[in-house]
């Protein structure tokens, strides 16, 4: 199904998008980890108590009201009562203070260095849809919502970071008008599904008059 037909079909499937709630934390953690290529789980494991389930750590982090992974930064796509996708994003500070990079885990440093290149942009930290609903317009609708959020926060640029090897996502972002800005080598971590580079992509948007 192409995107145009998928979007036409959405009303029949009763797709709705709402702000996430704290009750969504466990499902959001799962989707954030999928979107983040397993990197969130790797970081959450470093925070876990002995014997603690890593996704329970993730849910606890998502349930907080502060931090990049907070549910307060997320929107969820619902079909009936099923969560089929989510968007996590926020406006990056301007100026962007990365702080001492040597105090951060090495796997995170290239991502922070790339973020610092687009201060003040509305940053798509993570976007994901359930496998059964991929290719049916859910991701496109969430990307449209990201653009709406950017306009509402008076950002003139959208930005995101994606693995260069993630060809499907890269095609979607190019189609939506995103362009490559910079890249940094991926620092491998246990469970990492990609080699090569992280790629920073951005899109200029026009603010409403």
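The values are calculated or read from the model by the stated rules, or taken from the named source; none is laboratory data. Source: prediction; values computed, not measured. Note: ideal-geometry Cβ built from the backbone for every residue, glycine included; neighbour counts use all protein chains shown.
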Of those in region 126-140 that are touching a helix residue (DSSP H, G or I) at 6+ places or on another chain (Cβ under 7 Å) and within 17 Å of residue 75 (Cα to Cα), the residue modelled with the lowest pLDDT is 137
When residue 23 is evaluated against the numbered criteria (1) modelled with pLDDT under 95; (2) under 26 Å from residue 141 (Cβ atoms); (3) over 16 Å from the mean Cα position of the chain (by Cα), which criterion, by number, is the only one it fails? (1)
Output for region 17-57, where each listed residue is exposed (fewer than 13 other Cβ atoms within 10 Å of the Cβ), touching a residue at least 40 places away in the same chain (Cβ under 8 Å) and within 26 Å of residue 198 (Cβ to Cβ): 46
Residue check: is residue 190 exposed (fewer than 15 other Cβ atoms within 10 Å of the Cβ), under 17 Å from residue 114 (Cα atoms) and either touching a helix residue (DSSP H, G or I) at 6+ places or on another chain (Cβ under 7 Å) or touching a residue at least 60 places away in the same chain (Cβ under 8 Å) (or both)? no
Only listed residue being at pLDDT 90 or above and under 23 Å from residue 173 (Cβ atoms), chosen from 77, 59: 77
Evaluate region 104-124: report whether one residue or more is under 20 Å from residue 74 (Cα atoms) and in contact with a helix residue (DSSP H, G or I) (Cβ under 6 Å, 6 or more places away or on another chain). yes
Go through region 170-209 residue by residue and tally those that are closer than 12 Å to residue 37 by Cβ and in a helix (DSSP H, G or I). 0
With criteria (1) touching a strand residue (DSSP E or B) at 6+ places or on another chain (Cβ under 9 Å); (2) without any contact (Cβ under 8 Å) to a residue 60 or more places away in the chain; (3) surrounded by fewer than 22 Cβ atoms within 10 Å (Cβ to Cβ), residue 95 comes up short on (1)
Qualifying positions in region 20-57 - in contact with a strand residue (DSSP E or B) (Cβ under 9 Å, 6 or more places away or on another chain) and over 25 Å from residue 167 (Cβ atoms): 20, 21, 24, 27, 28
One residue is enough: does region 158-169 have a residue meeting the conditions on the phi < 0 side of the Ramachandran plot, in contact with a helix residue (DSSP H, G or I) (Cβ under 9 Å, 6 or more places away or on another chain), in contact (Cβ under 8 Å) with a residue 60 or more places away in the chain and assigned to a strand (DSSP E or B)? yes
From 119, 105, grab the single residue that is out of contact with any strand residue (DSSP E or B) (no Cβ under 9 Å at 6 or more places or on another chain), free of Cβ contacts under 8 Å to residues at least 60 places away in the same chain and either within 17 Å of residue 159 (Cα to Cα) or surrounded by fewer than 22 Cβ atoms within 10 Å (Cβ to Cβ) (or both). 119
